[in-house]
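The values are calculated or read from the model by the stated rules, or taken from the named source; none is laboratory data. Here the structure is a predicted model, which is why all the values come from computation and not from measurement. Every residue, glycine as well, gets a Cβ built from its backbone with ideal geometry; the counts of neighbours run over all protein chains shown. Accessible surface is based on the protein model in full, side chains and every heavy atom, while ligands, DNA and RNA are left aside. Shrake-Rupley method; radii C 1.70, N 1.55, O 1.52, S 1.80 Å.
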Amino acid sequence: MKVPCRIVAEVLAVVLERVAPGMTTFELNQIAENEVLKRKAKPAFKGYSGYPAALCCSPNNQVVHGIPNKQPLRDGDILSLDFGAYYDGFYGDAAVTVPVGAISSSAARLIEVTSKSLDLAIASAMQSNRLSDISSAVQTYVEANGYSVVRDFVGHGIGRSLHEQPQIPNYGLPNKGPRLKSGMVLAIEPMVNEKSYDVKVEADGWTAVTVDGGLSAHFEHTVAITDNGPQILTRI
Ligand code: MF3
Ligand code: CO
């Protein structure tokens, strides 16, 4: 799984360099698809349940699963990018939220808190802990910072399929669910809203947006649980 995960990290790194005002998510998707094919891997999302693109691009109030389009990004936007790769029988999956040009300090703080919530979740993904310790780590930190945790989408096991058991909610009480064991690989992905956690899916059947129009951020890593603690597979 190190290979598809490294490819995901590399592709996202190339895409991130190109994020700027005036760029379109349509072009970012093309870059992602070219980069993954160059590495002899396949885009994991394209065609998954009918999703039409390689890269999920979710600006501002979009939470996840935004479909790339030709509307230019604008200075001050935030943009969530989610990418998966398939290589030699295995999947990798990661996401990141980045600023487009100069963003407000409140948008920057949302990104910071969401990113840190993933770090805390990963730190709790170790043997001897139980699954909901990951969930609880996210919720506690996010809510202490005045934001809300999206309920309608979850992290997941990952391996020979993109989505495997267990589901990993980003909220819940600690010390519940299965015990974490060396050899498990999890895609941990907190989605955090500035205001209410309510989301709805738009008429295209994919784009999830905040109901109140507030900003949303998303970070994800594919993480292996090992005897030496969590190992982030989608970090370069
Ligand atoms: N990272 C997301 C997930 O784990 C992206 C999936 S997009 C889809 O579900 F198109 F593949 F559904
Ligand atoms: Co995922």
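Descriptive notes on the structure:
- The protection proxy used here, the mean number of other Cβ atoms lying within 10 Å of each residue, ranks peptides 100-111, 184-195 as follows, highest first: 184-195, 100-111.
- Expressed as a whole percent, the accessible surface of the chain that belongs to carbon and sulfur atoms is 49, based on a 1.4 Å probe.
- Estimated from helical segments only, the mean residue ellipticity of the chain at 222 nm is -9000 deg cm²/dmol, where each DSSP H run of four or more residues counts as -39500 (n - 2.57).
- Relative packing of peptides 4-12, 197-205 - highest average C-beta neighbours within 10 Å first: 4-12, 197-205
- Residue-span extension gain [Asp198 to Lys70] - 0.36 nm each, minus C-alpha spacing: 43.4 nm
- Mean-position separation - Cα centroids, region 4-20 and region 64-117, in angstrom: 11 Å
- Computed from the Kirkwood radius of its Cα pairs, the Stokes-Einstein diffusion coefficient for region 108-236 at 10 °C and 1.306 mPa s stands at 107 µm²/s.
- For the chain, accessible area per residue (1.4 Å probe, heavy atoms of protein chains only), Å²: 44 Å²
- Taken over the chain, the alpha-carbon convex hull comes to 109 cubic angstrom per residue.
- Size of region 157-199 as Cα extents on the principal axes (Å, biggest first): 37, 25, 12
- Under the convention that each Lys and Arg Cβ holds +1 and each Asp and Glu Cβ holds -1, the size of the dipole of region 1-136 around its Cα centre is about 240 debye.
- Protection proxy ranking for 210-220, 64-74, using the average of other Cβ atoms within 10 Å per residue and placing the highest first: 210-220, 64-74.
- The count of lysine pairs in region 2-232 with alpha-carbon distances below 30 Å, taking only pairs 8 or more places apart or on different chains, stands at 25.
- According to the calculation over all Cα-Cα pairs in region 1-117, the P(r) per 5 Å bin from zero is 2, 12, 23, 24, 19, 12, 6, 2, 0 %.
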